[in-house]
Each structure stands twice: as structure tokens, then as C-alpha cells.
Amino acid sequence: MGYLLGIDVGTTSQKVVLYDFEGREAAKALRPTRVYRPRPGWSFFDPGEVWGGVSEAISEVVAQIGEPRSIAGLSVASMAVAGFPVDERGHWIYPAMTWFDERAEP
């Protein structure tokens, strides 16, 4: 049987779901997304925690079906306008500011 993997990196949780080709949910895993608020008006996500949560959720879902080669494709949705700045080697250089961070307001 073949599957499609959906990954949603959201502001409240990281969700990974496998669907069969008929659109039925075959497996699901969630990890919370922690928001850091070190000062009033500031809010950001830790890149390592987000990547770790997504990786763990993918592993959990794949373990539920037992055969990763049966995954035919994947789709990723992410946190609105938040992004993880990276250097030329792909290493993150700063936490991802949330869409509700207020530092750029006048």
C-alpha cells in the first residue's frame, strides 16, 4: 500500500499525518511548538526544537506503518510568515520570529 505524508509546522504544534491513496488517515503524530517570550512583545521559536519535534513525529508515524518506502510523496505547510534564517551551509543563525512578535511595530 502507498501513502502520502503531510507535515504541518504550526505555531501551536508540529503535526505529521500519513494518508493512504484513498484519503484515509493511516497514522498521526503531534509535538508541541514552544513559543519563547523573553521580553514583552517578543516571541520566537527555537529552530532546534522545531526540527527535533518534526523529526520525532515523522519517525513515530513511519514506525506505525513499518515501511518508509511505501511513502510516495509529501507536502509541507508551515508557520504563516515565520522563517528560520540560515547561513550558506544551511545552519540556522537566529530563532524564527513569530508572526505575532511586536518588535517591528512603530
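The values are calculated or read from the model by the stated rules, or taken from the named source; none is laboratory data. Everything quoted here is computed from the prediction, not taken from an experiment. Using ideal geometry, Cβ is built from the backbone for each residue, glycine included, and neighbour counts are taken over all protein chains shown. These area figures cover heavy atoms from the full protein model, side chains too; ligands, DNA and RNA do not enter into them. Shrake-Rupley method; radii C 1.70, N 1.55, O 1.52, S 1.80 Å.
Going through 81, 86, 61, 50 one at a time, which residue ends up being more than 29 Å from residue 105 (Cα to Cα) and of a type in the set (A, V, I, L, M, F, W, C)? Show your work before the answer.
Values: 81 fails: more than 29 Å from residue 105 (Cα to Cα); 86 fails: more than 29 Å from residue 105 (Cα to Cα); 50 fails: more than 29 Å from residue 105 (Cα to Cα).
That would be 61, the only listed residue that is more than 29 Å from residue 105 (Cα to Cα) and of a type in the set (A, V, I, L, M, F, W, C).
Picking from residues in the stretch 22-59 that are in contact (Cβ under 8 Å) with a residue 40 or more places away in the chain and among the hydrophobic types (A, V, I, L, M, F, W, C), the one that is nearest to residue 98 (Cα to Cα) is 44. If only residues of the stretch 60-75 that are touching a residue at least 12 places away in the same chain (Cβ under 8 Å) and open to solvent by 50 Å² or more (accessible area, probe 1.4 Å) are counted, the one that is nearest to the chain's Cα centre (by Cα) is 75. When the criteria are applied in full, residue 104 meets the requirement of being at pLDDT below 85, open to solvent by less than 100 Å² (accessible area, probe 1.4 Å), over 16 Å from the mean Cα position of the chain (by Cα) and small (Gly, Ala, Ser).
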